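I have placed the structure first, in the form of structure tokens, so that the comments after it can refer back to it.
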Amino acid sequence: MFRPRVIPVLLLKNQGLVKSIKFRNHRYIGDPINAVKLFNDMGADELVFLDILATRKKRSISLDFVKRVGDEANMPFSVGGGIRSISLIKEILAAGAEKVILNTIASEKPVFVKEASDEFGSSTVTVSIDVKKNLFGKELTYICSGSKATKYDPVGFSNLMEEMGAGEIIVNSIEHDGMMKGYDISLIRRISEAVRIPVVALGGAGSMDDLRMAVSAGFASATAAGSMFVYYGPRRGILINYPDVKEMSSIF
Amino acid sequence: MRVIIVDYGMGNLRSVEKKVNKTGNNVIITNDIAKIKTADKLILPGVGHFRIAVENLHKQHLTDALNETVLIKKRHILGICLGMQLMASQSEEGDCNGLDWFDADVVRFSISNQLKFKVPQMGWNTLKLEKDSPLFRDIPNEAMYYFVHSYYMKCNSKKDILTTTEYEETFTSSIQKGNIFGTQFHPEKSHEWGEKLLGNFINL
């Protein structure tokens, strides 16, 4: 039977892993390759690595880093961060990544998503959408690590990305990020209802029950989380963790 | 023993190579026809578009080499994902012919509950063994494997079906006919049981 994926999302700042709250206050978590080894041992479904400084610094996620992850990871993994060229995508996939994650470029040049999808297959192209309400309460998608608003509303943009051939959409709520109080279920559901491609929920997960809700009430095909898999306890001690088989089967 | 991963320009070759190495076996990645013709075992990976894959095989003169090694010399071959689909007669994707090693058509998922079952199927799923096979030796029934695909192979001959899987409908998740094997899922991405399956294939 199909089981929705549960995906740790790991943010990279220079050489280390960090975790944010509402896309701010990045706290150092640890070494990324060490995290991969731990997630291997714990049988994680899939991993996502996002280089959150890349676009702002006008560079892209390090190919050398992707190779090191590729050498270590026993499960599929995707990477994102300043990816803007077909040739780089080719190198990233050759280095062992299953998929590339496009964010800023997808808004600036939607047809690039189509180019990538045509070249490598839609299942290798994931678009991630960061969502926040602006000062007037309007829900918009943001780029450049959540610093710049676009003109797109998340549902309209998701439809456009599906049209352009994206294989999957990661929906991230900036306001829920790092709060561990649950996903923005309404946002996830509206996007899951709008597109026929898989939607991955991200932003706000704090418990196994949140993961279950994203699927049962949000119709997400997969659930992703950052804080939940790097923190433990009310004082947020750093501990890489992942649900075991028993916990998984209790919710799915 | 010479194990070769066929490089026709598509597919996550490095991941397959690494996983095969983890089983304790050496493997080379190549599109060299002479090497392919003298291989003991072949792995045919694949990610991407069916028609482009077929064109690449033809352009690099690999189709004949594969036919000779697999159909005449009867060497074991494992097709993975698109690599398995290429073994069919034809595919809806790109509307063209495959290697025609199996009497089968590659068709797109036709889902009625589109809210619950998105396409591509991306994630972990189980298999139901339809016939015995050394490929699954010492692997438990509840083992899960990673799938990522929008198309699947519809076998016209039931005895070619090795395992089936449920994704709203029941579809063929792996095939076997004599020395020819194929998995729709990615054993190189499927943790320990994927590694075991690859090891089983090499030890056939």
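Quick one: is residue A:155 in contact (Cβ under 8 Å) with a residue 24 or more places away in the chain and closer than 30 Å to residue A:236 by Cβ?
Details: in contact (Cβ under 8 Å) with a residue 24 or more places away in the chain: yes; closer than 30 Å to residue A:236 by Cβ: no.
It is false that residue A:155 is in contact (Cβ under 8 Å) with a residue 24 or more places away in the chain and closer than 30 Å to residue A:236 by Cβ.
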key: Subset tally (residues that are of a type outside the set (S, T, N, Q), open to solvent by 30 Å² or more (accessible area, probe 1.4 Å) and in contact with a strand residue (DSSP E or B) (Cβ under 7 Å, 6 or more places away or on another chain)) for the range B:104-126   = 3
query = Can we say residue B:66 is in contact with a Gly (Cβ under 6 Å, 6 or more places away or on another chain), open to solvent by less than 10 Å² (accessible area, probe 1.4 Å) and closer than 20 Å to residue B:101 by Cα?
reply = no
query = Could you count how many residues in the range B:119-144 are within 11 Å of another protein chain (Cβ to nearest Cβ), within 18 Å of residue B:81 (Cα to Cα) and either out of contact with any Lys or Arg (no Cβ under 9 Å at 6 or more places or on another chain) or of a type outside the set (A, V, I, L, M) (or both)?
reply = 8
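Would you check if residue B:38 is open to solvent by 10 Å² or more (accessible area, probe 1.4 Å) and of a type in the set (Ser, Thr, Tyr)? Show your work before the answer.
Details: open to solvent by 10 Å² or more (accessible area, probe 1.4 Å): yes; of a type in the set (Ser, Thr, Tyr): yes.
Yes; evaluated as a whole, the condition is true for this residue.
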Of all residues making up the range B:170-194, the number that are within 14 Å of another protein chain (Cβ to nearest Cβ) and either open to solvent by less than 10 Å² (accessible area, probe 1.4 Å) or at pLDDT 95 or above (or both) = 11
remark   = The number of residues in the range A:209-246 that are open to solvent by 30 Å² or more (accessible area, probe 1.4 Å) and assigned to a strand (DSSP E or B) is 3
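Which one of A:49, A:23 is more than 10 Å from chain B (Cβ to nearest Cβ), closer than 25 Å to residue B:193 by Cβ and crowded, with 16+ Cβ neighbours inside 10 Å?
Numbers: A:23 fails: closer than 25 Å to residue B:193 by Cβ.
Criteria check complete, one pass: A:49.
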ask   = Are any residues in the range B:10-28 exposed (fewer than 15 other Cβ atoms within 10 Å of the Cβ) and outside any helix (DSSP H, G or I), and if so, which ones?
value = B:24, B:26, B:28
query = If residue B:50 satisfies every condition in (1) of a type in the set (Phe, Trp, Tyr); (2) modelled with pLDDT under 95; (3) open to solvent by 10 Å² or more (accessible area, probe 1.4 Å) but one, which is the exception?
reply = (3)
query = Within the range A:68-119, which residues are over 22 Å from residue A:57 (Cβ atoms), away from every other protein chain (no Cβ under 13 Å) and in contact with a strand residue (DSSP E or B) (Cβ under 7 Å, 6 or more places away or on another chain)?
reply = A:113
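Has the range B:94-102 got any residue that is among the acidic types (Asp, Glu), touching a residue at least 40 places away in the same chain (Cβ under 8 Å) and away from chain A (no Cβ under 14 Å)? Please lay out each step first, then the result.
First, the residues of the range B:94-102 that are among the acidic types (Asp, Glu): B:95, B:100.
Subset that is touching a residue at least 40 places away in the same chain (Cβ under 8 Å): B:95.
Still in the list and also away from chain A (no Cβ under 14 Å): B:95.
Yes, the range B:94-102 contains at least one residue that is among the acidic types (Asp, Glu), touching a residue at least 40 places away in the same chain (Cβ under 8 Å) and away from chain A (no Cβ under 14 Å).
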task = Report yes if some residue within the range A:175-186 is in contact (Cβ under 8 Å) with a residue 40 or more places away in the chain, part of a helix (DSSP H, G or I) and charged (D, E, K, R); otherwise report no.
result = no
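Tell me the residue from A:59, A:84 that is open to solvent by 10 Å² or more (accessible area, probe 1.4 Å), assigned to a loop (DSSP other than H, G, I, E, B) and free of Cβ contacts under 8 Å to residues at least 24 places away in the same chain, please. Steps first, please.
Numbers: A:84 fails: free of Cβ contacts under 8 Å to residues at least 24 places away in the same chain.
Selected residue: A:59, the only one of A:59, A:84 that is open to solvent by 10 Å² or more (accessible area, probe 1.4 Å), assigned to a loop (DSSP other than H, G, I, E, B) and free of Cβ contacts under 8 Å to residues at least 24 places away in the same chain.
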request  = Give the range B:82-92 a look and list any residue that's under 23 Å from residue B:61 (Cβ atoms), touching a residue at least 40 places away in the same chain (Cβ under 8 Å) and either in contact with a Leu (Cβ under 9 Å, 6 or more places away or on another chain) or of a type outside the set (Gly, Ala, Ser) (or both), or say none.
outcome  = B:82, B:83, B:84, B:85, B:86, B:87, B:88
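Sort through B:36, B:5 and tell me the only one that's part of a helix (DSSP H, G or I) and not polar (S, T, N, Q).
Numbers: B:5 fails: part of a helix (DSSP H, G or I).
Only one candidate passes the filter, namely B:36.
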key: Which numbered condition residue B:48 fails, given (1) without any contact (Cβ under 8 Å) to a residue 60 or more places away in the chain; (2) at negative phi   = (2)
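Could you pull out the residue among A:212, A:196 that is more than 14 Å from chain B (Cβ to nearest Cβ), in contact (Cβ under 8 Å) with a residue 24 or more places away in the chain and closer than 18 Å to residue A:2 by Cβ?
Values: A:196 fails: more than 14 Å from chain B (Cβ to nearest Cβ).
Only one candidate passes the filter, namely A:212.
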ask   = Across the range B:145-167, what is the total count of residues that are within 9 Å of another protein chain (Cβ to nearest Cβ), open to solvent by 10 Å² or more (accessible area, probe 1.4 Å) and over 16 Å from the mean Cα position of the chain (by Cα)?
value = 1
note = Scanning the range B:92-134 residue by residue, those farther than 16 Å from residue A:195 by Cα, modelled with pLDDT of 95 or more and part of a strand (DSSP E or B) turn out to be B:104, B:105, B:106, B:107, B:108, B:123, B:124, B:125, B:126, B:128, B:129
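Identify the residue in the range A:1-54 that is assigned to a loop (DSSP other than H, G, I, E, B) and of a type in the set (Phe, Trp, Tyr) and, among all such residues, is farthest from residue A:239 (Cα to Cα).
Applying the first criterion (assigned to a loop (DSSP other than H, G, I, E, B)) to the range A:1-54 yields A:1-2, A:4, A:14-15, A:22-23, A:31, A:42-46, A:52-54.
Then drop every residue that is not of a type in the set (Phe, Trp, Tyr), which leaves A:2, A:23.
Numbers: A:2: 29, A:23: 20 Å.
Restricting to residues being assigned to a loop (DSSP other than H, G, I, E, B) and of a type in the set (Phe, Trp, Tyr), the top hit is A:2.
The values are calculated or read from the model by the stated rules, or taken from the named source; none is laboratory data. What you see is a predicted model; the values in this text were computed from it and never measured. Every residue, glycine as well, gets a Cβ built from its backbone with ideal geometry; the counts of neighbours run over all protein chains shown. Ligands, DNA and RNA are stripped out before the accessible areas are found, and what is left, the full protein with its side chains, is counted by its heavy atoms. Shrake-Rupley method; radii C 1.70, N 1.55, O 1.52, S 1.80 Å.
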